[in-house]
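**Q** Below are the structure tokens for one structure; questions will follow.
The values are calculated or read from the model by the stated rules, or taken from the named source; none is laboratory data. Being a predicted model, the structure only gives us computed values, none of them experimental. Here the Cβ is made from the backbone with ideal geometry for all residues, glycine too, and neighbour counts use every protein chain on show.
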Amino acid sequence: MTKKRDSILHIGFDDTDSLSGSCTTHIATKIIHRISEEVEFLDYPRLIRNNPNVPWKTRGNGAIAFTLGLKNENIENVFSTASQIIEDLHQKDPNTNPGLVAVKNHIPNEIKQFSINALKDVISINKAKAIARKFCSYHFTIGNGRGLIGAIAAIGNNLNPEKEDFSYELLSYRSPEYIGKKRQVSSESVRKMDKQLSPHVFNNIDEESGKILITPAGKDPVLYGIRGETPEVLLEAFDLVHVSEPVESFCIFRTNQGTDQHFNYSDSMIRNFSVYKGEIEVIEKPRILLGGHTIFNASTVKDNKIIDVAAFEPSKKFREVVRKLLPGDRIMAYGGIKYKQEYQKFTIQLEKCEVVHISEQFKEESPFCPNCSKRMISAGKNKGYKCRKCGHKDRNITKLRVPIIRNLTRGLYIPPAQAQRHLVKPFRRYNLSKKDNVNFVENWYKILSKTQ
Ligand code: ATP
């Protein structure tokens, strides 16, 4: 169904929801529904997760972009439809500051670079406003306009299949009268679906606790989200998951979830709220804090900066690995940086780690008797050792230095699915072959029960 087009229009938007309601992906489906007659979708709507460490995010710091083919005379109409829907449907909350931008045809390199920075650093609203004024054909904001940051970043992050890894998520939405009530999704069917479609779907279930992860807990309109490798497998999954409440609509998004994209562009510079990737050396035995968090002191290998490294309680068994670390061990640390005012220190909050060096550790033991081979005992301070069996005494014999067998293996460790951030690449995705194209399926978006 190719429509005649004169231009390509890239639309990005963000910051339309809060914990009390709404969801940027749901607003995306409303816009798709309204503009679909006028435009040709040249890509799936993209759900781009940006720096997960920004403190003002609602949940997973997600923003949306569309790449559309359309007639020039429709551009203004499409932009004003999108801005009107955002105006009407965004969550009216002082911390919700929507931003919407549009770029015609070619995406400038400045916007591409902005997207890379948005994955790993903190960007100011003023910087986003300057980019919007200079490079965007249209922009629209409500409140302080912070949403412009994610909106511009989503446009520039086009998940080029030749260069970037990507995955898909099928999000289904609830009928408005069900929002706020318990989600009626059969756990048994989710387990079956996961078993049947693995490894082409991921993070549906937490492997450690058995918990179902596809249903969010909040008051937002999402019924469930299934993550996977292809649109086809997600449509199969949609048929396999049983629900006992109406599904208003669903939409498949192309996304950087589960790809480690934020780590691919990050470095070992220590900056508050940024994404960190770098080798560190343990300098003290990890401590367990009240509540089960595990923390240790380390120094960065590149520039000997002293930092704290933390694995939080929700990371469950991952902490057991961290607790086995000893001074001299080295890990590649992947995580977010936070400055702790009270300790005047930076902490790396681990999202995953690779144990790259296990140091030799020794313990001291009493020596064996040179006459009868029995273990000796101390003969008193500075008096050497004596043997209880044969009575041999030796002033010069010293303690034995015995290597400790380390119950730790080199390799990659990732917290269980329920503690993983959206961007983190789960083990299940490691051995899949790389995708190099985007295959459009017919039913990538559907309204099932009419609600407007
Ligand atoms: P949800 O996942 O439910 O869609 P969210 O977690 O995306 O919600 P938002 O309400 O969109 O949270 O808030 C995130 C805010 O952070 C947005 O205003 C977005 O523009 C902004 N933002 C995104 N990336 C960065 C960044 N790198 N630096 C500064 N601000 C950012």
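**Q** In the stretch 15-39, which residues are surrounded by fewer than 16 Cβ atoms within 10 Å (Cβ to Cβ), more than 12 Å from the ligand (Cβ to nearest atom) and not hydroxyl-bearing (Ser, Thr, Tyr)?
**A** Going residue by residue through the stretch 15-39, those that are surrounded by fewer than 16 Cβ atoms within 10 Å (Cβ to Cβ) are 19-20, 34, 36-37.
In the following step, the residues that additionally are more than 12 Å from the ligand (Cβ to nearest atom) were identified as 34, 36-37.
Answer for the stretch 15-39, where residues must be surrounded by fewer than 16 Cβ atoms within 10 Å (Cβ to Cβ), more than 12 Å from the ligand (Cβ to nearest atom) and not hydroxyl-bearing (Ser, Thr, Tyr): Arg34, Glu37.
**Q** Okay, moving on. What are the residues in the stretch 97-115 that are near the ligand (Cβ under 10 Å from one of its atoms) and either of a type in the set (A, V, I, L, M, F, W, C) or out of contact with any helix residue (DSSP H, G or I) (no Cβ under 8 Å at 6 or more places or on another chain) (or both), if any?
**A** Selection gives Phe114 alone.
**Q** Given the conditions (1) touching a residue at least 12 places away in the same chain (Cβ under 8 Å); (2) closer than 22 Å to Asn160 by Cβ; (3) away from the ligand (no atom under 16 Å from the Cβ), which single one is not true for Asn72?
**A** Among (1) touching a residue at least 12 places away in the same chain (Cβ under 8 Å); (2) closer than 22 Å to Asn160 by Cβ; (3) away from the ligand (no atom under 16 Å from the Cβ), Asn72 violates only (2).
**Q** Which one of Gly391, Gly291, Gly336, Gly380 is under 27 Å from the mean Cα position of the chain (by Cα) and loosely packed, with under 13 Cβ neighbours inside 10 Å?
**A** Numbers: Gly391 fails: under 27 Å from the mean Cα position of the chain (by Cα); Gly336 fails: loosely packed, with under 13 Cβ neighbours inside 10 Å; Gly380 fails: under 27 Å from the mean Cα position of the chain (by Cα).
The unique qualifying residue is Gly291.
**Q** Here's another thing I want to ask about it. Assess whether Leu412 counts as being touching a Leu at 6+ places or on another chain (Cβ under 8 Å), within 28 Å of Glu313 (Cα to Cα) and either at pLDDT 95 or above or surrounded by 14 or more Cβ atoms within 10 Å (Cβ to Cβ) (or both).
**A** Details: touching a Leu at 6+ places or on another chain (Cβ under 8 Å): no; within 28 Å of Glu313 (Cα to Cα): yes; either at pLDDT 95 or above or surrounded by 14 or more Cβ atoms within 10 Å (Cβ to Cβ) (or both): yes.
No, not satisfied.
One line per residue, one yes/no per condition, for (1) farther than 23 Å from Leu412 by Cα; (2) of a type in the set (D, E, K, R); (3) at pLDDT 95 or above:
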| position | (1), (2), (3) |
| --- | --- |
| Phe312 | no, no, no |
| Ser315 | no, no, no |
| Tyr339 | yes, no, yes |
| Lys345 | yes, yes, no |
| Ser359 | no, no, yes |
| Asn396 | yes, no, no |
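**Q** A further question on this structure: Give the number of residues within the stretch 127-161 that are part of a helix (DSSP H, G or I), in contact (Cβ under 8 Å) with a residue 24 or more places away in the chain and more than 16 Å from the ligand (Cβ to nearest atom).
**A** Here is the first cut: in the stretch 127-161, the residues part of a helix (DSSP H, G or I) are 127-135, 147-156.
Still in the list and also in contact (Cβ under 8 Å) with a residue 24 or more places away in the chain: 128, 132, 134-135, 147-156.
Filter once more, keeping what is more than 16 Å from the ligand (Cβ to nearest atom): 134-135.
Residues flagged as part of a helix (DSSP H, G or I), in contact (Cβ under 8 Å) with a residue 24 or more places away in the chain and more than 16 Å from the ligand (Cβ to nearest atom) within the stretch 127-161 amount to 2.
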